[in-house]
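Below is one structure; the comments refer to it alone.
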């Protein structure tokens with residue numbers, strides 16, 4: 001199976017962004033830019049050791065991935081079980097009967113009106129499907145950095161730049177890793193509205209087990225939990241929890257995103273579920 005996966009933080013889906021006078025929109029935690037099946041990522045030869053090295057993920061502009069995406073609401077959430085089930089002493093996450101709408105994402109070289117604002121970014125990728133908002137990223141030898149967000153066209157008027165690059169993933173990825181980073185967006189714009197936000201990302205690789213797809217069973221898959229807390233103008237606080245499921249050379253195979261202001265890490269109702277599928 002030839003696959004390529006993305007890990008990218010997105011505006012427009014997830015935590016609420018305070019815009020102007022108590023106007024709010026959506027905002028999501030990581031989603032980024034990593035992946036490629038063993039035959040898609042040149043030089044990637046998985047050893048299935050449960051540790052994802054930098055050379056076991058690809059971040060090259062032009063890579064594509066297709067997910068099946070389900071979207072839920074507070075009144076009609078998607079039923080989920082992010083903790084999986086224990087089967088003969090092994091944690092198993094089952095995504096073998098995915099439903100939803102297909103969405104294909106592409107890593108692309110920064111270009112256009114927003115590009116001068118992200119001179120160090122190595123690629124951009126759509127981080128919100130409804131609006132097409134882009135996230136700007138760079139994959140270094142040991143860290144995946146996020147620089148900020150922009151609309152594909154200037155007339156959509158979205159531009160949000162962090163005061164420093166945010167570390168979203170650290171390599172090699174292994175069970176029990178924990179780290180945190182806080183970034184500030186000042187004098188930003190989202191859909192034409194002023195935006196200011198202090199965003200704290202808490203990342204934990206808190207699980208390892210078997211992930212089941214319709215096409216494959218992936219042993220030693222890692223679960224990456226990302227808690228995003230946002231302090232918006234006026235003192236409003238927002239929070240979301242996201243679980244990404246990563247496998248070497250495949251990148252992010254599945255993702256579960258909580259509803260807004262979810263406090264229970266074992267939540268059973270989600271705002272979004274996406275699962276890798278064939279294009």
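So residue 140 clears everything in (1) surrounded by fewer than 18 Cβ atoms within 10 Å (Cβ to Cβ); (2) at pLDDT below 95; (3) in contact with a helix residue (DSSP H, G or I) (Cβ under 9 Å, 6 or more places away or on another chain) except one condition, right? Which one?
Condition not satisfied by residue 140: (2).
Which of the residues spanning region 143-172 are in contact with a helix residue (DSSP H, G or I) (Cβ under 9 Å, 6 or more places away or on another chain) and not in a strand (DSSP E or B)?
171, 172
Residue by residue, here is whether (1) surrounded by fewer than 17 Cβ atoms within 10 Å (Cβ to Cβ); (2) part of a loop (DSSP other than H, G, I, E, B); (3) at pLDDT 90 or above holds:
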residue	(1), (2), (3)
25	no, no, no
29	no, yes, no
32	no, yes, no
37	no, yes, no
40	no, yes, no
48	yes, yes, yes
61	yes, yes, yes
65	no, no, yes
69	no, no, yes
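Could you grab me the full set of residues in region 173-188 that are in contact with a strand residue (DSSP E or B) (Cβ under 6 Å, 6 or more places away or on another chain) and not in a strand (DSSP E or B)?
From region 173-188, those in contact with a strand residue (DSSP E or B) (Cβ under 6 Å, 6 or more places away or on another chain) are 173, 175, 177-186, 188; that's our starting set.
If the condition is that a residue be in contact with a strand residue (DSSP E or B) (Cβ under 6 Å, 6 or more places away or on another chain) and not in a strand (DSSP E or B), then 175, 177 are the ones that fit.
Just one of (1) within 25 Å of residue 94 (Cα to Cα); (2) in contact with a helix residue (DSSP H, G or I) (Cβ under 7 Å, 6 or more places away or on another chain) trips up residue 213, so point out which.
Evaluating residue 213 over (1) within 25 Å of residue 94 (Cα to Cα); (2) in contact with a helix residue (DSSP H, G or I) (Cβ under 7 Å, 6 or more places away or on another chain) leaves (2) as the failure.
In region 198-212, which residues are surrounded by fewer than 20 Cβ atoms within 10 Å (Cβ to Cβ) and closer than 27 Å to residue 87 by Cβ?
Pass one, region 198-212, residues surrounded by fewer than 20 Cβ atoms within 10 Å (Cβ to Cβ): 198, 200, 202, 204, 206-208, 210, 212.
Within region 198-212, 204, 206, 207, 208, 210, 212 meet the criteria.
The values are calculated or read from the model by the stated rules, or taken from the named source; none is laboratory data. All of these numbers come straight from a predicted model, not from anything done at the bench. Please note: Cβ atoms are built from the backbone with ideal geometry, for glycine as well, and neighbour counts cover all protein chains shown.
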